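A.B. asks: One structure, as structure tokens, below. Some questions next.
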Amino acid sequence: MALAGRGRCYSPVRGVIESVLGRAFVGGWPARLPAWMAVRRIDLTLPTPELGAGARLKVGFASDLHAGPTTSPSTLAQAFAHLSAFDPDVLLLGGDYVLFEARHAEQLAPLIRRVRAPLGRYAVLGNHDLWADDRLIIRTLERAGVELLVNRTVRLPGLPATMGGLDDAWTGRPHYQAAFAGREAVHLLLMHSPDHVPHMPRDLRFTLALCGHTHGGQVCLPSGIPLLMPSTLSRSFAHGRFELPGGLLMVSRGVGNVELPFRAFAAPDVLCVTLTGEPPAVLR
């Protein structure tokens, strides 16, 4: 394989590895194996007084879909079936849509369109997208009704809420101020990787940040300790909920597989988050 997108940090060694694996996975045979692990739907309700009493915002999130030779189409279908059943107001996609080749993103378009999301579908890009042909991936997402949210902010209609998105921390060029421009009382932050955490200015506040990238390790010990991690920082934020100085971070294990075509003790997941305009508890 060769670098076809604008992503940084693509080494010649990686190019050789991708070429070898591309031949080993010819015909996409790993993706045709029966999916042996179900996608988990994780539901989370967050009291958010800033929304106003009685208001509610439902956010569906999926990341690391990795359409291509190592991810079963049935796994992808499960993920979007969960999201569609949740009936979110907003659908967020956290990047890494493909493995090796951008053309695989076409698999995702009909699945994405099944999730209604009346307040919009938004996406950022991951490192695999920026190494592949990111322009082709963007066009595919846009045809599926997805708005790219890279280093920019949008306001959600009818709510005191904004959403910002960042370029990838490792292979892209993130602009933190742009992802918080004109923020409202409720601000959602979409990013691919937790590697942003040490670089984010401490004065930038968010209600909820969502990301993936880590795969939860993809292969873990039965105790949940991850064996494979893309970076040292990712090990500290493998998956789950983290209270940061700027706000709450949720890290998904993602849905698909990368070069290793299976998972162990790191079930794929999608996140279904409900923000409710409940008043803060009164201490007595």
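What follows draws every value from the coordinates through simple rules; no lab data is involved. Note that this is a predicted model, so its numbers are computed, not measured. Reconstructed Cβ throughout: ideal geometry from the backbone, glycine too, with neighbour counts over all protein chains shown.
A.B. asks: In which sequence would LEU99, LEU108, LEU156 go, from the one with the fewest C-beta neighbours within 10 Å to the one with the most? Spell out each step's value before the answer.
C.D. replies: Values: LEU99 27, LEU108 23, LEU156 19.
Final ranking by Cβ density, sparse to dense: LEU156, LEU108, LEU99.
A.B. asks: Right, next: Sort ARG155, ARG263 so that the residue with the fewest other Cβ atoms within 10 Å of its own Cβ comes first and the one with the most comes last.
C.D. replies: Values: ARG155 13, ARG263 21.
Fewest-to-most Cβ neighbours within 10 Å comes out as ARG155, ARG263.
A.B. asks: Write down, largest first, the equivalent ellipsoid semi-axes of the range 82-187 in whole Å, where each equals the square root of 5 times an eigenvalue of the alpha-carbon gyration tensor.
C.D. replies: Numbers: eigenvalues 102, 74, 17 Å².
Working from the Cα gyration tensor, I get semi-axes of 23, 19, 9 Å.
A.B. asks: So, one more: If we count other beta carbons within 10 Å of each Cβ, what is the order of SER223, SER193, SER252, SER236, fewest first?
C.D. replies: Ranked by crowding around the Cβ, least crowded first: SER223, SER236, SER252, SER193.
A.B. asks: Amide H to amide H, which residues 5 or more places from ALA267 or on other chains are under 5 Å from it, using H placed in the peptide plane?
C.D. replies: Sorted by chain and number, the residues that satisfy this come to none at all.
A.B. asks: Something else: Pairs of Cα atoms under 8 Å, at least six residues apart: use those to get the relative contact order of the range 176-267, whole percent.
C.D. replies: 29 percent
A.B. asks: Using θ = phi - 60° and the Karplus form 6.51 cos²θ - 1.76 cosθ + 1.60, what ³J(HN,Hα) does each residue of the range 78-93 get, whole Hz, x for Gly and Pro?
C.D. replies: 4, 4, 6, 5, 4, 5, 5, 5, 5, 6, x, 6, 10, 10, 10, 10
A.B. asks: Long-range amide H contacts for LEU46: which residues qualify at under 5 Å (H placed 1.01 Å from N, peptide plane, sequence gap of 5 or more or a different chain)?
C.D. replies: THR274, LEU275, THR276
A.B. asks: Kindly write out, for the range 268-275 in residue order, the coupling ³J(HN,Hα) from the Karplus curve 6.51 cos²θ - 1.76 cosθ + 1.60 (θ = phi - 60°), rounded to whole Hz, with x marking Gly and Pro.
C.D. replies: With coefficients 6.51, -1.76 and 1.60, one gets x, 8, 10, 10, 10, 10, 10, 8 Hz.
A.B. asks: Starting from 0 in steps of 5 Å, tell me what percent of the Cα-Cα pairs of the range 188-275 lands in each bin.
C.D. replies: In whole percents, the pair-distance histogram is 3, 15, 27, 23, 16, 10, 5, 1, 0.
A.B. asks: Apply the Karplus parameterisation 6.51 cos²θ - 1.76 cosθ + 1.60, with θ equal to phi minus 60°, to every residue of the range 151-158 and state each ³J(HN,Hα) to the nearest whole Hz, in sequence, with x for glycine and proline.
C.D. replies: Those phi angles translate into 6, 7, 10, 10, 9, 7, x, x Hz.
A.B. asks: Once a ≥ b ≥ c are taken as the square roots of the eigenvalues of the Cα gyration tensor of the range 49-105, is the result rounded (a/c under 1.5), prolate (a/b larger than b/c) or oblate (a/b not larger than b/c)? The partial results should precede the final answer.
C.D. replies: Details: a/c = 4.66, a/b = 2.39, b/c = 1.95.
Prolate shape, in that a/c is at least 1.5 and a/b is the bigger ratio.
A.B. asks: Please list, ordered by chain and number, the residues whose modelled amide H lies under 5 Å from the amide H of VAL219; skip anything fewer than 5 residues away on the same chain.
C.D. replies: Correct list: LEU227, LEU228, ALA264.
A.B. asks: Can you tell me the FRET efficiency between ARG241 and ARG139 if r is taken as the Cβ-Cβ distance and R0 is 22 Å, rounded to the nearest 0.05? Please list the in-between numbers first.
C.D. replies: Values: r = 34 Å, r/R0 = 1.56.
So the FRET efficiency works out to roughly 0.05.
A.B. asks: Right, something else. Fully extended, how many nm does the chain gain between ARG202 and GLN177 (0.36 nm per residue separation, minus their Cα-Cα distance)? Please list the in-between numbers first.
C.D. replies: On the way: separation 25, 0.36 × 25 = 9.00 nm, distance 1.15 nm.
Value of the extension gain: 7.8 nm.
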